[in-house]
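J.: Okay, handing you the structure first.
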Amino acid sequence: NQELKSTQNVTASLLRAPAVDALIVGNALTFEQTVGNVIRTAPLLVCVTLRDASHRMVAQVGSCNGVLSRVQYFPINARTGDFSDFEEASSVGAALGELGLLMNEESVVQKRRQVVVQLSLGLSMIAVVLAFVGWLLRARLIQPIGGIGGAMKALSLRDYNARAPVQGDDELTRL
């Protein structure tokens, strides 16, 4: 499911900086507040967990008991700017922990169904309009031209009594 993976990747990128803060500085409260705000604004996000490099739970926000959902873990690695001047440069690139995201796949499926229904209804309405336009063109344009064509053919065969059916008061009937 590409849409779900894309959403997870974007969410993990947004939460990376607060996760690094929580793992390095120990600022789990700020992480939990940030994640709480994200969960309130992102209906697909159900639960976020943060574990340190030893797989100990540092923070857990949201309801992690979704039946149709699965946890996707994203590694949190140290970068050069994540450490203070007093820490060793050899720690750069080391795994600090992992960010677990639990997304509600059911709402993605529901949205997809809604899109399919709306698309089907829209295409059906377009088909009805095109059928009506086709009928209208046939009745107003194609049949009269066919009648004129028949009369022209009869005239070419020297049948000077042939007549084209005339109905209405437009350019085609004047022809």
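Taken together, the values in this text are just the output of simple stated rules run on the coordinates, not laboratory data. If you're wondering where the values come from, they're calculated on a predicted model, not measured in any experiment. Backbone-built Cβ (ideal geometry, glycine too); neighbour counts: all protein chains shown.
J.: Within the chain, what's the longest stretch lacking chymotrypsin sites (Phe, Trp or Tyr not before Pro) that sit in DSSP loops with no more than 16 other Cβ atoms inside 10 Å? Show your work: numbers first, answer last.
T.: Details: sites that count: PHE83, PHE86, TYR160.
Answer - 1-82.
J.: Using only C-alpha positions, report the orientation-averaged shadow area of the convex hull of segment 87-170, nm², one decimal. Each step should come with its number before you reach the end.
T.: On the way: hull surface 61.1 nm².
Here the figure is 15.3 nm², rounded to one decimal.
J.: What span do the alpha-carbon atoms of segment 17-70 cover on each of the three principal axes, reported in whole Å from largest to smallest?
T.: 33, 24, 14
J.: Another question, then. Which value, in debye to the nearest 20, describes the size of the charge dipole of the chain about its Cα centre when Lys and Arg Cβ atoms bear +1, Asp and Glu Cβ atoms bear -1, and nothing else is charged?
T.: Dipole size: approximately 1240 debye.
J.: Which of SER120, ALA154, ASN77 sits closest to the plus end of the dipole of the chain, meaning its Cα is farthest towards the positive end, when Lys and Arg get +1 and Asp and Glu get -1 on the C-beta?
T.: ALA154
J.: If you line up the long axis of helix 143-156 against the longest principal axis of the chain, both from Cα atoms, how many degrees apart are they, to the nearest 10?
T.: Around 40 degrees separate the two axes.
J.: For the chain, with a Gaussian network of springs between Cα atoms less than 10 Å apart, report the residue from VAL48, VAL117, VAL20 with the top mean-square fluctuation.
T.: The residue that fluctuates most here is VAL117.
J.: To the nearest whole percent, what portion of all C-alpha pairs in the chain is separated by more than 20 angstrom?
T.: Numbers: 10388 of 15225 pairs.
Tail of the P(r) past 20 Å holds 68 percent of the pairs.
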